[in-house]
Amino acid sequence: MKQGTRVMVVDDESIVCERLMKHLTGEGFEVETFTDSAQAIERLDSGPAFEVVVTDLKMKGPTGLDVMHHVSGNSPGTQVIIITGYASIEAAREAEYTGVFDFINKPFKLETMAALVKKAAKKAGKDRRFKGGGGA
Amino acid sequence: MPEEFEQSSAIAIAKEAEAIQAQHDLLKRPRLSLRTRITMVFVLIFVLLGIITIAAVLFISEVETKQQFLEKVGNYAFEIQQARRYEKNYFLYGSNLADALANVHMADNYLKRNGDEVKAVVGNRRYESMKLDLNRYQALLQKLLQEPPGDTPEKRRIEVELRQSGTQILHDAQEAMDEERTTMRSMLSTYMVTAISFLIFMFFVMAYIAGFLVRSMIRPLGRFMKYAARIGAGDYTPITPTRKYRDEFSNLAMAINKMLSELVTRQEQLMQSRKMAAVGTLTSGIAHELNNPLNNIGLTVEALTDGFDDYPDDEKLRMLEQVYSQVERASATVKNLLDFTRKEQPAFAPLSVKEIVETTARLAGNELKLAGIELDMDVAEGLPLIKGNARSLQQVFLNLFLNAIHAMPDGGELIIRAEAQDDGFVRIDVGDTGQGIPAENIDKVFDPFFTTKDPGKGTGLGLSVSHSTIEKHGGRITVASEVGKGTRFSVYLPTDGKG
Ligand SMILES: Nc1ncnc2c1ncn2[C@@H]1O[C@H](COP(=O)(O)OP(=O)(O)OP(=O)(O)O)[C@@H](O)[C@H]1O
Ligand SMILES: [Mg+2]
């Protein structure tokens, strides 16, 4: 897979972070996980940009939407995948969650998540090339 | 569970029986409607007025007969007087006696024609003697007529007798008239006294009737106003009879009772549906609370099945332990949720607060020790028993103790106090010296799924279940807290008095 594609995972469920870290790393991504959304936002504001951000919607402290706003403010090419606990993805889509690459329902499968991250990474790469940003 | 169910349905049946009994009691009384009562009152008034009118008519006709009688006796007396005048003329001037006889004959006719009336007034004997007197007078006159003209001693004797007899007859007539006048006068005065007494009597009758109407209409109205206030305050016990008779107000009472029983069932339905609505708004919380452990289990199991050989044994074991803890987490949520939505009332029994608090404290003993928390328990001896379900109350206190323990990660003091209040409640305080609850959260702590604990550490259902449990016990739970100083939950439970 694409080398050096950076993925951020934000979920206050530590098991989710642990599994995604293992699985996505296995798929060849560079993964950073955060169980504390405030720390994740700090990292977004300071460190190098991610191609893909996967974030839980409902968390203690800053929510998934807060995380997303920081992403779109800092790096427009970054694709955001939002994990929701609700079955009402359609409703979430219709709401003003534009700028979201996709929603994924809990419970999800590692495989599904990996495939979604790959698609998002591809789109992020294209967007970047289009802007002349390059993937370095 | 069937036992609990039986208990609650037994309560429902008892309530229903009470309502049916009340309706029955209301119906059992003899019927005497307001309409009948008012009709009765007016019939009574009419009868009284009728009696007085008839009495007046009878009286007037009586007076009239007396008047007629007086007139007739007057005529009779006039004829006699006339006769006596001729008689006198005869003796003075020797004029004709035939005129006197004609007058006496007229008087006799009067007496005979009105014999019955006269008899009725003066009595049989007097009438007979009057008739005899008149006949004697007549006989004397006739005798005188047969006497030869001129002065004879026989004539003189007859003259004396005639005078005596004439006076006697006139006297008798006069006496009869006087008697009749006296009775008439006394009748008139009796009538006047009767009329005035009747007026006074009617005054009392009317006063009584007014009082009666007030009693049978205004008073029930007042009572029904009290009922309305009582029902408004939430007391739905049916109205029971307070009077001897059944009337329109009884129908009203029965209608209200029916409304009350409807209201009670509606309220129960409403409470249940409100609970269901609360559950509805919980769904997002539930989804979150159940989806997270399910997701964790799913991810871990998927990782294990996909790469079973890639993981070392101790890693596999750790992952399986994770799965197990997530299963426990999910089942805790489900269990709490069931407690929250449970409809039937758990079986209630008289309980000792001291025992409940102490056994619960023992359950939490290990956690207290681990967190380095001191237990300061002071439960007054001889507290009145409360009425409740031991298992669910233990659950309530265990949750309060655990919350307190979790609020004091660096140790502190768990302060438990229990005392009887004057208002028939026992108050149990559970205090801690922990972090406290910020003002913006204090209103939310009883909300389902409100928690500040890390995922998997708290379901946020503890306090909301406690709240509904305490409510089911007829009590209440309050909280006071200061950030940095500590928190105190106070539970008020009704004593096993009359509840
Ligand atoms: N003694 C306390 N001190 C400080 N905060 C408290 C205390 N008790 C309750 N709270 C606050 O109220 C929240 C709700 O408590 P509740 O018992 O309903 O759920 P929980 O304890 O978080 O979860 P669970 O009871 O399922 O373990 C807690 O998360 C905590 O923030
Ligand atoms: Mg709790």
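Using square roots of five times the C-alpha gyration tensor eigenvalues, list the equivalent-ellipsoid semi-axes of segment B:52-105 in whole Å, biggest first.
Three semi-axes, in Å: 40, 8, 4.
Shielding of A:106-113 by partners, i.e. mean partner chain Cβ atoms within 10 Å per residue?
Across A:106-113, the average partner-chain Cβ count within 10 Å equals 5.
Report the charge-dipole magnitude of the protein assembly as shown in Debye, nearest 20, computed about the Cα centre from +1 at each Lys and Arg Cβ and -1 at each Asp and Glu Cβ.
Approximately 3120 debye in magnitude.
Could you work out the mean count of beta carbons from other protein chains within 10 Å of each residue's beta carbon in B:445-454?
1
What is the mean projected area of the alpha carbon convex hull for segment B:389-472, to one decimal in square nanometres?
Over all viewing directions, segment B:389-472 projects a mean Cα-hull area of 6.5 nm².
Would you kindly calculate the translational diffusion coefficient of segment B:40-206, applying Stokes-Einstein with the Kirkwood radius from alpha carbon pairs, for 10 °C and a viscosity of 1.306 mPa s, and quote it in µm² s⁻¹ without decimals?
My calculation gives 84 µm²/s for D.
Report the Cα centroid-to-centroid distance between segment B:152-202 and segment B:366-429 in angstrom, as an integer.
Centre-to-centre distance over Cα atoms comes out at 110 Å.
Got a sec? How would A:His69, B:His473, A:His23 order by Cβ neighbour count within 10 Å, fewest to most?
Listing A:His69, B:His473, A:His23 from fewest to most nearby Cβ atoms yields A:His69, A:His23, B:His473.
Using only the alpha carbons, work out the radius of gyration and Dmax of the protein assembly as shown in angstrom.
Final numbers for Rg and Dmax: 57.6, 192 Å.
So, how do all the Cα-to-Cα distances of chain B break down into 10 Å bins, in percent, from 0 on up?
P(r) for chain B, in whole percents per bin: 3, 12, 13, 11, 9, 7, 6, 5, 5, 5, 5, 5, 5, 4, 3, 2, 1, 0, 0.
For segment A:6-123, what is Rg from Cα atoms divided by 2.2 N^0.38 Å, rounded to two decimals?
Normalised Rg, Cα atoms only: 0.94.
Count the lysine pairs in segment B:1-131 whose Cα atoms lie under 21 Å apart, taking only pairs 8 or more positions apart in sequence or on different chains.
Pairs that pass both the separation and distance tests number 9.
Taking Rh as the Kirkwood radius, which is the inverse of the mean 1/r over Cα pairs, what is the Rg/Rh value for segment B:347-499?
Result: Rg/Rh = 0.95.
Order of B:Val379, B:Val118 from fewest to most other C-beta atoms within 10 Å?
If I rank by nearby Cβ atoms, fewest first, I get B:Val379, B:Val118.
Can you tell me the FRET efficiency between B:Asp423 and B:Ala55 if r is taken as the Cβ-Cβ distance and R0 is 60 Å, rounded to the nearest 0.05?
FRET efficiency, B:Asp423 to B:Ala55: 0.30.
Neighbouring Cβ atoms within 10 Å as the yardstick, rank B:Phe446, A:Phe50, B:Phe204 fewest first.
B:Phe204, B:Phe446, A:Phe50
Pairs A:Lys123/B:Lys316; A:Lys22/B:Lys457; A:Lys119/B:Lys335; A:Lys109/B:Lys335; A:Lys106/B:Lys453; B:Lys226/B:Lys444: which are spaced more than 31 Å apart, C-alpha to C-alpha?
A:Lys123/B:Lys316; A:Lys119/B:Lys335; B:Lys226/B:Lys444
So how tilted is helix B:219-232 from the main axis of chain B? Cα-based, degrees 0 to 90, rounded to 10.
Helix B:219-232 sits roughly 10 degrees off the main axis of chain B.
Suppose R0 equals 56 Å. What FRET efficiency, 1/(1 + (r/R0)^6) with r the Cβ-Cβ distance, do B:Glu374 and B:Met217 give to the nearest 0.05?
0.20
Assuming R0 = 35 Å, can you tell me the calculated FRET efficiency for the pair B:Lys316 and B:Glu440, based on Cβ-Cβ distance, to the nearest 0.05?
Rounded to the nearest 0.05, the efficiency is 0.20.
Treat each spin label as a single point 7 Å out from the Cα along the C-beta direction, and report the B:Arg181 to B:Asp454 distance in nm.
Each label point lies 7 Å from its Cα, and together they span 13.1 nm.
Roughly how many debye, to the nearest 20, is the charge dipole of segment B:347-499 about its Cα centre, given +1 on each Lys and Arg Cβ, -1 on each Asp and Glu Cβ, and no other charges?
In debye, rounded to 20, segment B:347-499 gives about 500.
Bear in mind these aren't lab numbers, they're just calculated from the coordinates by the rules spelled out. Computed from a predicted structure; not experimentally measured. No Cβ is skipped: glycine too gets one built from the backbone with ideal geometry, and neighbour counts run over all protein chains shown.
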